[in-house]
Amino acid sequence: MTRRKCTQCGLVNTTADESCRRCKTPLSDAVVAETATPEEKPRRRSFAQRAIWVVGTTLALLFGWYLSMLLTSQELDYERRQSLTHAIAIIRDKGFTKQAFVLSHLVNYRDTDSWWNRYVGHHDAYAATNFPFEIVTLYPEFFQDTTDDTERAAILLHESYHLLGLGEAAALEAVWRDKQRLGWTADRYGSTAVWINTRDTTMTLAPQLFRCGQDERSDCLP
């Protein structure tokens, strides 16, 4: 807001005044003075606004991370994707409906490691899951060291539990408990590399499943 200051007596008059209200001096040559206006305090964001900002920023970062993992890895070729489809079909046919749905519709399968997998490294494995991004990397051993689609189904069932948020020990135990239902049994697969590796790892991380028999080290689950 502007006011006019009298050059004679110094009184600050309004812009509507034609002469000074004190000394009656014409204000035609008066100095225009700016009056200070009180500074407005910045409005603080509400809790909801701050929560939306935090959630939006987090989602943007997660999406960028997810995209970077896809861009630094390769997709499965047609032949390997067909093999994957057959293995998932076994899981579905054996009644693992939820696991089959996750594996069929919520996963992005990769043929090579992303930058993140290369950075953190991993032990010898048939597959690796990036939770919660729902990315599964299938290594050459998944296709080369398995004897058939049932063994590949056993590996995928294990990864499905990771996709649902379970840790390694819980995923191993879940698969071992359901191996009979899946059709992955000792009488058919007991001498394969996948069976032996899975059994040894399960014995280490879920030893309660191997405390039967006279030696108290036998498999408790047929």
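The values are calculated or read from the model by the stated rules, or taken from the named source; none is laboratory data. All of these numbers come straight from a predicted model, not from anything done at the bench. So basically every Cβ, Gly included, is an ideal-geometry build from the backbone, and we count neighbours across all protein chains shown.
Worth pointing out:
- Tally of residues being surrounded by fewer than 16 Cβ atoms within 10 Å (Cβ to Cβ) and under 17 Å from E79 (Cα atoms) across region 130-144: 2
- Which numbered condition L166 misses (of (1) assigned to a loop (DSSP other than H, G, I, E, B); (2) crowded, with 21+ Cβ neighbours inside 10 Å; (3) free of Cβ contacts under 8 Å to residues at least 24 places away in the same chain; (4) not charged (D, E, K, R)): (2)
- Scanning region 103-116 for residues that are assigned to a helix (DSSP H, G or I) and either touching a His at 6+ places or on another chain (Cβ under 7 Å) or closer than 11 Å to I135 by Cα (or both) gives a single hit, L103.
- Taking the criterion of being within 30 Å of the chain's Cα centre (by Cα), closer than 19 Å to F142 by Cβ and in contact (Cβ under 8 Å) with a residue 12 or more places away in the chain, the residues of region 185-211 that qualify are V194, T198, R199, T201, T202.
- Out of N108, N117, sole residue that is more than 29 Å from R188 (Cα to Cα), modelled with pLDDT of 95 or more and surrounded by 14 or more Cβ atoms within 10 Å (Cβ to Cβ): N108
- Residue satisfying all of: in region 133-153; hydroxyl-bearing (S, T, Y) and either out of contact with any helix residue (DSSP H, G or I) (no Cβ under 8 Å at 6 or more places or on another chain) or in a loop (DSSP other than H, G, I, E, B) (or both); farthest from G190 (Cα to Cα) among these: Y139
- Residues (within 25 Å of L59 (Cα to Cα) and in a loop (DSSP other than H, G, I, E, B)) located in region 117-132: F131, P132
- Qualifying positions in region 173-220 - touching a strand residue (DSSP E or B) at 6+ places or on another chain (Cβ under 9 Å) and surrounded by 15 or more Cβ atoms within 10 Å (Cβ to Cβ): F210, D219
- Pair list, Cβ under 6 Å, 6 or more apart: region 82-98 residue over 12 Å from I155 (Cβ atoms), other residue modelled with pLDDT of 95 or more and of a type outside the set (V, I, T): H86/D149; R92/A100; K94/R181; K94/L182
- So S68, is it over 13 Å from T150 (Cα atoms) and either touching a residue at least 24 places away in the same chain (Cβ under 8 Å) or part of a loop (DSSP other than H, G, I, E, B) (or both): yes
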